[in-house]
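First comes the structure, then the notes that go with it.
The values are calculated or read from the model by the stated rules, or taken from the named source; none is laboratory data. A quick note: this is a predicted structure, and the numbers were derived from the prediction, not measured. Here Cβ is always computed from backbone atoms with ideal geometry, including for glycine, and neighbour counts include all displayed protein chains.
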Amino acid sequence: MEALSERKTQKVLVVDDDLEWREFLRACLDDLGYTTLEASNGEEALDCIARDSPAVMLLDIRMPGMSGEEVLRNLPEDPPRIVLLTAATAEEAGSALRTGPHYYLPKGATREELALLLDSLAE
């Protein structure tokens, strides 16, 4: 398992229009030792990816303006690993999951489930 000091260098971008959910995820990620970045919409997410090069993006599918699926269609050539962390069901997220090697975690997932998934994505 990755050492905590190694995690601190790994940036995780949280993209969700729900401020309370982003704050919850930030607290979990900070506690797990990750550097957390936040975006409240798709445009901010793409700007953050270009500027900060996160290793992983936790992406909501349902957002006003640019949806998560639109973000996926506009990713740069070397994108972060994508985890669809959304209230959308796996069936609803199916078309987004088929656009690349993405992962799915429902919004009801526990901190431990998030930690396991992120550990599995470590390079």
**Asked** So which residues in segment 94-112 are without any contact (Cβ under 8 Å) to a residue 60 or more places away in the chain and within 14 Å of the chain's Cα centre (by Cα)?
**Response** A96, L97, P101, H102, Y103, Y104, L105, P106, A109
**Request:** Tell me, yes or no, whether segment 60-75 has at least one residue that is under 18 Å from G108 (Cα atoms), more than 14 Å from the chain's Cα centre (by Cα) and in contact (Cβ under 8 Å) with a residue 12 or more places away in the chain.
**Result:** no
**Asked** Pick from A45, A50: which is under 13 Å from the mean Cα position of the chain (by Cα) and either within 17 Å of T99 (Cβ to Cβ) or among the hydrophobic types (A, V, I, L, M, F, W, C) (or both)?
**Response** A45
**Fill in**
Of (1) modelled with pLDDT of 90 or more; (2) more than 21 Å from Q10 (Cα to Cα); (3) touching a strand residue (DSSP E or B) at 6+ places or on another chain (Cβ under 7 Å), E38 fails just (2)
**Fill in**
When every residue in segment 15-32 that is under 14 Å from A115 (Cα atoms) and in contact with a Ser or Thr (Cβ under 8 Å, 6 or more places away or on another chain) is compared, the one surrounded by the most Cβ atoms within 10 Å (Cβ to Cβ) is L29
**Fill in**
I49 passes all but one of the listed conditions (1) more than 12 Å from V12 (Cα to Cα); (2) out of contact with any strand residue (DSSP E or B) (no Cβ under 6 Å at 6 or more places or on another chain); (3) hydrophobic (A, V, I, L, M, F, W, C); the exception is number (1)
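Quick check: is even one residue across segment 87-100 modelled with pLDDT of 90 or more and either buried (at least 16 other Cβ atoms within 10 Å of the Cβ) or aromatic (F, W, Y) (or both)? Break it down into steps so the answer makes sense when it comes.
Filtering segment 87-100 for residues modelled with pLDDT of 90 or more gives none.
No; the residues of segment 87-100 include none that is modelled with pLDDT of 90 or more and either buried (at least 16 other Cβ atoms within 10 Å of the Cβ) or aromatic (F, W, Y) (or both).
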**Prompt:** For the subset of segment 45-55 comprising residues that are out of contact with any Leu (no Cβ under 6 Å at 6 or more places or on another chain) and in contact (Cβ under 8 Å) with a residue 40 or more places away in the chain, which member is farthest from Y34 (Cα to Cα)?
**Reply:** S53
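Tell me the strands (runs of 3 or more DSSP E) entirely within segment 1-111 that contain at least 1 residues that are hydroxyl-bearing (S, T, Y). Don't jump to the end; show me each part of the working.
Working: elements: 11-15, 35-39, 56-59, 81-86, 103-106.
Where strands (runs of 3 or more DSSP E) fall fully within segment 1-111 and carry at least 1 residues being hydroxyl-bearing (S, T, Y), they are 35-39, 81-86, 103-106.
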